[in-house]
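One structure is given here, and the rest of the page talks about it.
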Amino acid sequence: GESVGLHLPTLSVQEGDNSIINCAYSNSASDYFIWYKQESGKGPQFIIDIRSNMDKRQGQRVTVLLNKTVKHLSLQIAATQPGDSAVYFCAETYGGATNKLIFGTGTLLAVQP
Amino acid sequence: EAGVTQSPTHLIKTRGQQVTLRCSPISGHTSVYWYQQALGLGLQFLLWYDEGEERNRGNFPPRFSGRQFPNYSSELNVNALELEDSALYLCASSKRSGGRGYEQYFGPGTRLTVT
């Protein structure tokens, strides 16, 4: 079925280090990608997005990289903090007025103090 | 600005029963989306409503249905509950800008347990 997969289900990092969360997508027609953060007991929270005509976009402490050649997406978090501990999902959507987001299964980021 | 709200927070039903979940979008948002998040799995798209109409549907059986009201709030109905329907049901809302409401804002979800 439709899916966006993640390479690493769990990522453990030390506080202050940089984190990189990876995501592979399957549909080469996907033209918009989003990273969400989901803390325990809460709904997903929008972090950052990127369109397919870009290969990099930066936010506050976060950077998303898109490699369309290999259909790969990554989220980089600088100076990871304990509050960054959560499950991170990548999501994709593609042409047409579907507004349908296809989510990956998620990566758990565990920040060690 | 109030976020997306959902009710109830938790719900326990028995197999075969019916359930209705409710969602109120962010003020000014016309699109409402429903997702199912089963334990250990990612979010699976269920339904998209905009301006009172169903715009798209995920790969779920017809016993999953819903509607959107004139005030843009929405209900998700699940009939003939099965054990595998146990999940967190998330509602999201967005503006419908340019025909594609990209930024979807999520509510806290309703945890449904079917026994």
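Mind listing whichever residues of region B:14-31 are part of a strand (DSSP E or B) and modelled with pLDDT of 95 or more?
Across region B:14-31, the qualifying residues are B:Val19, B:Thr20, B:Leu21, B:Arg22, B:Cys23, B:Ser24.
Return a yes/no flag: does region A:2-11 have any residue that is surrounded by fewer than 21 Cβ atoms within 10 Å (Cβ to Cβ), among the hydrophobic types (A, V, I, L, M, F, W, C), under 20 Å from B:Ala87 (Cα atoms) and at pLDDT below 95.
no
Go over the candidates B:Ser31, B:Ser27 one by one and state the one that is over 14 Å from the mean Cα position of the chain (by Cα) and either without any contact (Cβ under 8 Å) to a residue 12 or more places away in the chain or closer than 20 Å to B:Pro108 by Cβ (or both).
Unique residue meeting the criteria: B:Ser27.
Pick out the one residue from B:Val114, B:Val32 that is of a type in the set (Val, Ile, Thr) and more than 26 Å from A:Ser30 (Cβ to Cβ). Give the steps one after another, and end with the answer.
Values: B:Val32 fails: more than 26 Å from A:Ser30 (Cβ to Cβ).
Being of a type in the set (Val, Ile, Thr) and more than 26 Å from A:Ser30 (Cβ to Cβ) holds for just one of B:Val114, B:Val32, which is B:Val114.
Could you list, in sequence order, the residues of region A:37-57 that are assigned to a loop (DSSP other than H, G, I, E, B) and surrounded by 16 or more Cβ atoms within 10 Å (Cβ to Cβ)?
Residues satisfying the conditions are A:Gly43, A:Pro44, A:Ser52.
Looking at B:Gly52, B:Gly42, B:Gly58 in this structure, which one is modelled with pLDDT under 95 and within 24 Å of A:Glu39 (Cα to Cα)?
None of the others qualify; the one that does is B:Gly42.
In region A:96-108, what residues are more than 18 Å from B:Ser31 (Cα to Cα) and either at pLDDT 85 or above or more than 7 Å from every other protein chain (Cβ to nearest Cβ) (or both)?
Residues satisfying the conditions are A:Phe103, A:Gly106, A:Thr107, A:Leu108.
Looking at region B:3-50, which of its residues are of a type in the set (Ser, Thr, Tyr), touching a Ser or Thr at 6+ places or on another chain (Cβ under 7 Å) and farther than 16 Å from B:Leu76 by Cα?
Of everything in region B:3-50, just one residue is of a type in the set (Ser, Thr, Tyr), touching a Ser or Thr at 6+ places or on another chain (Cβ under 7 Å) and farther than 16 Å from B:Leu76 by Cα, namely B:Thr14.
Tell me which of these B:Leu11 doesn't satisfy, since it passes every other one: (1) in contact (Cβ under 8 Å) with a residue 60 or more places away in the chain; (2) in a strand (DSSP E or B); (3) within 11 Å of chain A (Cβ to nearest Cβ).
Looking at each condition in turn, B:Leu11 falls short on (3).
What residue, among those in region A:24-42 that are modelled with pLDDT of 90 or more and within 11 Å of chain B (Cβ to nearest Cβ), is farthest from B:Thr5 (Cα to Cα)?
A:Phe33
Can you tell me which of B:Tyr89, B:Tyr33 is buried (at least 21 other Cβ atoms within 10 Å of the Cβ) and under 18 Å from B:Leu11 (Cα atoms)?
B:Tyr89
What are the residues in region B:42-71 that are in a strand (DSSP E or B), closer than 15 Å to B:Asp85 by Cα and facing another protein chain (nearest Cβ under 8 Å), if any?
Correct list: B:Leu43, B:Gln44, B:Phe45.
The values are calculated or read from the model by the stated rules, or taken from the named source; none is laboratory data. Please read all numbers here as calculations on a predicted model, not as lab measurements. Using ideal geometry, Cβ is built from the backbone for each residue, glycine included, and neighbour counts are taken over all protein chains shown.
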